[in-house]
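The values are calculated or read from the model by the stated rules, or taken from the named source; none is laboratory data. Note that this is a predicted model, so its numbers are computed, not measured. Note that we place each Cβ from the backbone using ideal geometry, even for glycine, and neighbour counts take in every protein chain shown. Calculation scope for accessible area: heavy atoms of the full protein, side chains included, ligands and nucleic acids excluded. Shrake-Rupley method; radii C 1.70, N 1.55, O 1.52, S 1.80 Å.
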Amino acid sequence: MGRTGTILLKGKGSCMDFQKTRIILQQLPLVAVDCYPPEKMTVIKELTAELQNNIQDVKVFYWSLGSKKLELLTVKDDDLLLSNVKTFNCPPQAEPIAFFLNWLSEQVDGIFIVSGIIPYISTSEKERNHRVVASIEELYHKFKPGDIRVVLMGSSIALHEDLIRLVPIINVDLPNQKQISLLIEQYLKMFAAKAKEEERKFQIKLSSDNKQALFRSALGLTLEEIKDFLFLYISELSEANKVIKISEDIIPSILEFKTRILKQTGIDLYEGDAIPVGGMPLLKAWLDQRRILFSDEAKKYQLPQPKGILLAGPPGTGKSLVAKNIRATLNIPLLRIDIAGMLGSLVGESEQNVIRALKTTEAIAPCILWFDEVEKALNQNDTSGVSQRIMGLILTFMQEQKDGVFIVATCNNIDRLPAEFKRKGRFDEIFFVDLPNLSDRAEILRIHLKRFGCEIDESLLNDIALATKGFNGAEIETLASESALRAFYCDRPCGYYYRDWE
C-alpha cells in the first residue's frame, strides 16, 4: 500500500486561523506565519485556497531562498499547483534576497508568500542582515496604502526589534485531540478502501479506549507527522502480513515515533515503570491526595489542578527518581526539559528553543513537565541576559497555563534560584529531599536488592542500614549493585546474602 494520491479531509489539514490571516492581509502589508516545518506546504496550500476563494481576482505567488524561483500558486482539487513566472529571473551573480526584495518593491499588486528570509530579520546576530531588515521596513511603508501583500513563512520566529511593531505573527498551533481523532479516523478509512481495491484484508481491532489512547499518544505531533507515521506503520504491516490488522500495538509504535521526534527538539518523553522510591512518606502522601484532581470527576466540579512541586536537595538523594515516579502516580505523560541543553550559541536561539518546548508541552497536556537541575540554566550571574529572559518565559508559562501541566523542578542548591521562582504560589509545595534516615536506607536497600533478584535477612538488612549512615540513595544503589555482582560471581544460589558477605 504505497503513498499515492491525496485524501480530502473534512475541515483544514493544519491548525491555523486562515480567516484571521486573510483579514490582516486586507488591512496590513506584512504578516509572518510561524509554523512547524512539516506543515509548511500544507499551510501554503490552505492559505492560497483561502485567499483565492475570498478575494476576487487575487494572484498568489511563492518565492523561497532554496529555489530562488518565483512561482504562481493555484489550488485545484485539493492539490497545490506551482508554475514558474518566466518574467522573474535572478542573475547567477546576484544576491538572491536583495534581488528579490528589490524586484518586489517595483510590483503593484499580488500576494507574495516568502520562505527563507526569517533568519535574516531575526534577533540572531550571526544570521541577521541589517540591509534585509531595512528593506522589509521600507516595504511595509511602501505597500501599506497599496495592493501588494507579503506573507513571511518561518518557524520559531523572533523578529528584529525594528520589525516587531510592523509585522504581526500568526502561529500555527499543534493539533488538539479532536483534530487528531478526525485525521486518524479518516486515514484509516482511506487505508481500508485502498486494501479493498488490492483485495487484501484490512481489520481495525481497536476498542473505544484503545482509540482514545491512540489519539492521546499522538498529541505533540503535527498533522503531517501523524500522516507520515500512519503511512510508515501501514507499509510495515503490509510487508510483514497478508492481513493488515490495526490493533493496540499501534499505540507503543506511535509513542516510539513521537519520542524520537521530541528528542530532537530537546524534550525527553519518559515511558515505562520507574524504580520505586524508598522513604519520603510525606511526599508520597501529598502526591496520592492530588492524583484524584486529574480525574474527569474533578473536572466536573471545576476543581483547580495542582501547579507542581519544587524538589531541592543534595545530588544522589532521589529527586530525579521521584520525578519519574510521579508519572505512575498521576498516570499522565512525563516530559523532561533540560534547559541547560537548550542554550544555543546564537542570540535568541535559547529563548526560541524554550518557547517551542513549552508550546509542545501545552499540546500534550495533561502532562508532567520536569525541569531538571533548573538552577544551572537560571544563572543569576549571567551577564548576557539569556537566563533572565528564559526565567521570564518560564514564569509567564507557570502563571498563565491552565491546561493541566504539572511542573516538577529539581535543584541541588535552592539558594541559587531567583526569589521570584520559588516564592509561594509558583509551586504548590517545596520539598527538601535530604539524606535518608535509618528506616529509609533499609527500604532503599531492600528495593534495589529485589531488583537484582537477591534476598537478605532482615537482621542483616538493619545492620547494613546502620553501617551506611551518611549514604545517599545513589550510593546505596551502588552498594546493592556491587553486592549482587559479587554474589553472582561467587555462584551463590538465588544471589542469597550471608553474613560473610564482606
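How much net charge surrounds D147 when only other residues with a Cβ under 14 Å from its Cβ are counted (Lys, Arg +1; Asp, Glu -1)?
+1
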Item to check | Cα Rg, Dmax, the stretch 176-249, angstrom units | outcome: 12.1, 35
Item to check | Of V75, L334, Q203, farthest towards positive along the dipole that unit charges on Lys, Arg, Asp, Glu beta carbons give the chain | outcome: V75
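Nearest 5 is fine: what % of DSSP beta bridges in the chain come out antiparallel, could you say? Before the final figure, lay out each step's value.
Numbers: 15 of 57 bridges.
Once the DSSP bridges in the chain are tallied, antiparallel ones form about 25 percent.
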Item to check | Debye equation applied to the C-alpha atoms of the stretch 49-92, log10 I(q)/I(0) at 0.27 Å⁻¹ | outcome: -1.00
Item to check | Within straight-line cross-link reach of K189, aspartates and glutamates at Cα separation under 14 Å, skipping those fewer than 8 residues along the same chain | outcome: E197
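What size of dipole, in debye to the nearest 20, comes out for the chain about its Cα centre when the only charges are +1 on Lys and Arg C-beta atoms and -1 on Asp and Glu C-beta atoms? Each step should come with its number before you reach the end.
On the way: 62 positive and 67 negative charges, 205 e Å.
Charge dipole, the chain, about its Cα centre: 980 debye, nearest 20.
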Checklist entry - If you count, for each residue, the other Cβ atoms within 10 Å and average over each peptide, how do 242-252, 41-51 line up from highest to lowest? => result 41-51, 242-252
Checklist entry - Going out from 0 in 10 Å bins, what whole percent of all Cα-Cα distances in the stretch 198-301 drops into each bin? => result 12, 30, 30, 19, 8, 1, 0
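In the chain, what percent of the accessible surface is made up of carbon and sulfur (1.4 Å probe, ligands and nucleic acids excluded)?
Details: 12990 of 25950 Å².
Accessible surface attributable to carbon and sulfur in the chain totals 50 percent.
Taking K and R as +1 and D and E as -1, what net charge do the other residues with C-beta under 12 Å from the C-beta of W286 add up to?
Numbers: positive: K284, R290, R291; negative: D288, D428, E429.
After counting each charged neighbour, the total is 0.
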Checklist outcome for this item: Note to self: C-alpha centroids of the stretch 413-484 and the stretch 225-264 sit apart, in Å, by 39 Å
Checklist entry - To the nearest whole percent, what portion of all C-alpha pairs in the stretch 243-312 is separated by more than 19 angstrom? => result 64 percent
Item to check | Estimated dipole of the stretch 167-303 in Debye, rounded to 20 [Cβ of Lys and Arg +1, of Asp and Glu -1, Cα centre] | outcome: 340 debye
Checklist entry - Can you give the Rg to Rh ratio for the stretch 399-455, taking only C-alpha atoms and Rh from Kirkwood? => result 1.16
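Mind scanning K205/K263; K40/K69; K40/K68 and naming the pairs with a C-alpha gap bigger than 26 Å? Write down the numbers at each step before the final one.
Values: K205/K263 30 Å; K40/K69 17 Å; K40/K68 17 Å.
Beyond 26 Å: K205/K263.
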Item to check | Relative contact order of the chain, pairs being alpha-carbon contacts under 8 Å that are 6 or more residues apart, as % | outcome: 13 percent
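Please state, rounded to one decimal and in Å, the Kirkwood hydrodynamic radius that the chain gives when every pair of distinct Cα atoms enters the mean of 1/r. List each step's numbers first, then the result.
On the way: mean 1/r = 0.0376 Å⁻¹.
Evaluated over the chain, this radius sits at 26.6 Å.
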Next on the checklist: Suppose every Lys and Arg Cβ carries +1 and every Asp and Glu Cβ carries -1, with no other charges. What dipole size does the stretch 355-465 come out with about its Cα centre, to the nearest 20 debye?
Outcome noted: 560 debye
Checklist outcome for this item: Env charge @ T329, Cβ radius under 9 Å, K,R +1 / D,E -1, value +3
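Highest first, please rank the peptides 256-262, 444-450 by the mean number of other Cβ atoms sitting within 10 Å of their residues. Walk me through the numbers before you get to the answer.
Numbers: 256-262: 16.9, 444-450: 21.1.
Result, highest mean first: 444-450, 256-262.
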Item to check | Whole-angstrom Cα spans of the stretch 119-252 along principal axes, big to small | outcome: 61, 28, 27
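What's the ranking of 294-300, 455-461 by average number of surrounding C-beta atoms within 10 Å, highest first? Intermediate values should be presented prior to the final figure.
Numbers: 294-300: 11.4, 455-461: 13.1.
Output ranking for 294-300, 455-461: 455-461, 294-300.
What does the accessible area per residue of the chain come to in Å², with a 1.4 Å probe and no ligands, DNA or RNA counted?
With the other protein chains kept in place, the chain gives 52 Å² per residue.
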